[in-house]
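The structure appears below as structure tokens.
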Amino acid sequence: MSIRLSALGLPAFALALVGGVLTVQLAYGGGSFEPLRSADPCTTREVASRSDGIEGLTERLVLIGVDEAACSLGVTREALILELGQPGARSDAQVEALRDGLSTAVRRMDEEGTLPLASELVDEALDSADLNRFLEIAIRAIPDSVVDAALKTDDVLLRTIADLDLRALLANLDDQADLNAQLEEAVTQAVLDSLADRLRDLV
Amino acid sequence: MRRAVAPLLAVTVALVLADSAVVTLALPDILQHLDATVGQVAWVLISFNLVLGLIAVPAAVAFDRAQPRILSAVGIALFAGASAWCAVAGSIDVLIAARCLQALGGALALVGCLELMVAEWGERRGVAAWVTAGVLGTAVGPVAGGLLTQAISWQAIFVVQVPFAVLAVPAALAVRVVPALPPDRHRPAVRPNLTLALLSAALTAALFLLVLLLVEGWGRSPAAAALTVSVVPLAALAARPLARLMRPSPETEVAVGCFLIAGGLAGLAILPSAHLLWTVAPQALVGLGLGLTMDRLTAQAMELRLPRAHHAGWTIGARHVGVVVGLAILTPVFTADLQDAQEPAQEAIASLVLDAPLTAQDKIAVARGLGDELTQQQGRIPDLHRAFEAAELAPSERPAAAALERDLDTQLEAAATRAFRDSFLIGAALALLALLTVVWPGRRRAA
């Protein structure tokens, strides 16, 4: 009996050791220590930005727009972003998906009431633009209520997106985050152009 | 001097067998210093084991026709010279050639030292000391290599071997009486040698892949990795007292050892995080298994078999061919898995950067740095810290950036850990196969 027990002692001890180690590891998430899985881009994602003004607005637009584009292309947001960051020509489907995605982002933000008023964007646009001095003074003199009555942010943004040469813009991306910077520049210019047009109409 | 002869020979045995995996932690440094490819640098490891595995038996046969002390001294001198050549190698091709020569000298030294140690200490003590020195050398090799690489350089691994081997040459020549080798009477012990080969292949996963995961995957220093993997030899030392306490049969001991190695490798395949402490328990299982199996199997393969040197040659051959088979199976698996891990890792990084609580400008700066780093480090794990340093963020943004950097590092560690999973599981399967060779019923002889 004691010989039999002695023969079983080491195997039993080994079974307990291996079982214990594997159980503890599995209990603490062993086997699931893997890179973060990309979320489904077709599920509405809350987007936030630490930036203010036009920079914050364009960041939110890009984040929602890329999600929408990825959803329509059937890829993850991250895969699309990484692909756009690579050099090379963009397909028609990618360009159109991104344009539609950005437009959808504008409409979604408008519905949510998260689009800023046009007057909130004017000062920042003027600060970063190299405008004729008289034109700049004239625009700054327009009361906010008049600016907001004359310009609807969603209209300006939708026109900007429609006019954007997205293929050229995407071809010049140094990396994925440049999309933000280039779109920001386009939005700033669009706000100024729209205001200058209205001003000329008034004159 | 007389009393130092046998210990010096035992040290030589440990050195030669340590060389099997001693360069594992130095491979990244060698790759960089000698401007080699990953494939070339793997041959620094493979060449030694392959030559040692293939030459061991012919080397043992050579001892039939030569004075063992002379041939041993020649082997040890060749090993010392080749070690010095490894240290001064200026190209990867030269280093690989030197490693082949080192293995050739090592094979002669190993077989010769067995004969000389038996002459010095007697059959029982001599064989036991030879087996123990070999197991210790195998287990301690990666640790010693890592510490030397971190403290001095990869060349130091080879330099430190030279004086010991040089001292062992006169020690070998000083052995007075070497009994004549008896004629070949016994066939090689197939089963213990097969188990040894399979276990050596499995242990490649523990000794080679784990250090790669620690250094290349988790970005730990060679010294930190060396200290971490020291759990294996320490646990191996605890195996003998454990066996004495439980008093199992030799077959049970070996079977349990195989099971523990399989369990430890399975544990390494399911690590819950990249914290070093999580590797301790699985490594302890592997170490216990190593301590229960390797010396016992070597003794079984050699026990009462003559000529002793021939059977020693078979065990050395089985072990090192096993290592090469392990490398041949595991290397393509983990390199392909590392390649496959890049895409999910990049997507995880992109996701975290996009959603990071940083300003858009800072996200752009960080993304640019990360893009550059990923491009420069193609095929290797990138150093994300440089990308954050290059971003030159405002002090108010640094806490959020530091949190993002930690999260990104975790993603890389998770991707690397996932990439090694299949290889560790294959290692565990090899250990279970070894267990099968132990418990499989043998052929019954007719009464």
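The values are calculated or read from the model by the stated rules, or taken from the named source; none is laboratory data. Fair warning: this is a prediction, and the values are worked out from it, not measured in the lab. Counting neighbours? That spans all protein chains shown, and the Cβs are built from the backbone with ideal geometry, glycine included.
Is there a residue in the range A:97-117 that is aliphatic (A, V, I, L, M), over 30 Å from B:Glu347 (Cα atoms) and more than 10 Å from chain B (Cβ to nearest Cβ)?
Yes.
Which condition from (1) buried (at least 20 other Cβ atoms within 10 Å of the Cβ); (2) within 14 Å of chain B (Cβ to nearest Cβ); (3) within 18 Å of A:Thr58 (Cβ to Cβ) is the one that A:Ala125 breaks?
(2)
One residue is enough: does the range B:402-416 have a residue meeting the conditions touching a residue at least 24 places away in the same chain (Cβ under 8 Å), crowded, with 22+ Cβ neighbours inside 10 Å and among the β-branched types (Val, Ile, Thr)?
no
For the range B:269-293, which positions are among the aliphatic types (A, V, I, L, M), in a helix (DSSP H, G or I) and in contact with a Ser or Thr (Cβ under 7 Å, 6 or more places away or on another chain)?
The one that is among the aliphatic types (A, V, I, L, M), in a helix (DSSP H, G or I) and in contact with a Ser or Thr (Cβ under 7 Å, 6 or more places away or on another chain): B:Leu276.
Kindly provide the set of residues from the range B:49-100 that are within 21 Å of the chain's Cα centre (by Cα) and among the polar types (S, T, N, Q), ordered by number.
Result: B:Asn49, B:Ser83.
Does the range B:226-235 contain any residue that is more than 10 Å from every other protein chain (Cβ to nearest Cβ), at pLDDT 95 or above and within 24 Å of B:Thr24 (Cβ to Cβ)?
No: zero hits.
Which of the residues spanning the range B:236-271 are facing another protein chain (nearest Cβ under 8 Å), under 13 Å from A:Pro11 (Cα atoms) and not small (Gly, Ala, Ser)?
B:Leu242, B:Met246, B:Arg247, B:Pro248, B:Thr252, B:Glu253, B:Val256, B:Phe259, B:Leu260
I'd like to verify a number: residues in the range B:318-374 that are more than 9 Å from chain A (Cβ to nearest Cβ) and of a type in the set (Ser, Thr, Tyr), how many?
2
Say whether the condition of being more than 19 Å from B:Ala312 (Cα to Cα) and either surrounded by 21 or more Cβ atoms within 10 Å (Cβ to Cβ) or in contact with a His (Cβ under 7 Å, 6 or more places away or on another chain) (or both) is met by at least one residue in the range B:105-115.
no
So, A:Leu98, is that one part of a helix (DSSP H, G or I), touching a Gly at 6+ places or on another chain (Cβ under 7 Å) and among the hydrophobic types (A, V, I, L, M, F, W, C) or not?
yes
Among (1) in contact with a Leu (Cβ under 7 Å, 6 or more places away or on another chain); (2) touching a residue at least 12 places away in the same chain (Cβ under 8 Å); (3) at the interface with chain A (Cβ under 10 Å from one of its Cβ atoms), there is one condition B:Ala284 misses while meeting the rest; what is its number?
Status for B:Ala284: all satisfied but (1).
Just for helices (runs of 4 or more DSSP H) wholly inside the range B:1-115: which have at least 2 residues that are over 26 Å from B:Ala223 (Cβ atoms)?
Numbers: elements: B:5-18, B:27-33, B:38-62, B:68-88.
In the range B:1-115, the matching helices (runs of 4 or more DSSP H) lie at B:5-18, B:38-62, B:68-88.
So, of the residues in the range B:211-231 that are among the polar types (S, T, N, Q) and in a loop (DSSP other than H, G, I, E, B), which turns out to be surrounded by the most Cβ atoms within 10 Å (Cβ to Cβ)?
Top of the filtered list is B:Ser230.
Restricting to the range B:170-192, name every residue that is at pLDDT 80 or above and not in a helix (DSSP H, G or I).
Residues satisfying the conditions are B:Val175, B:His186, B:Arg187, B:Pro188, B:Ala189.
Before we move on, is B:Thr195 among the polar types (S, T, N, Q), in contact with an Asp or Glu (Cβ under 8 Å, 6 or more places away or on another chain) and touching a residue at least 60 places away in the same chain (Cβ under 8 Å)?
no
Being on the phi < 0 side of the Ramachandran plot and without any contact (Cβ under 8 Å) to a residue 60 or more places away in the chain is the requirement here; does B:Leu136 meet it?
No: the conditions fail for B:Leu136.
How about the range A:1-88: which helices (runs of 4 or more DSSP H) wholly inside it have at least 3 residues that are facing chain B (nearest Cβ under 9 Å) and under 30 Å from B:Arg247 (Cβ atoms)?
A:2-27
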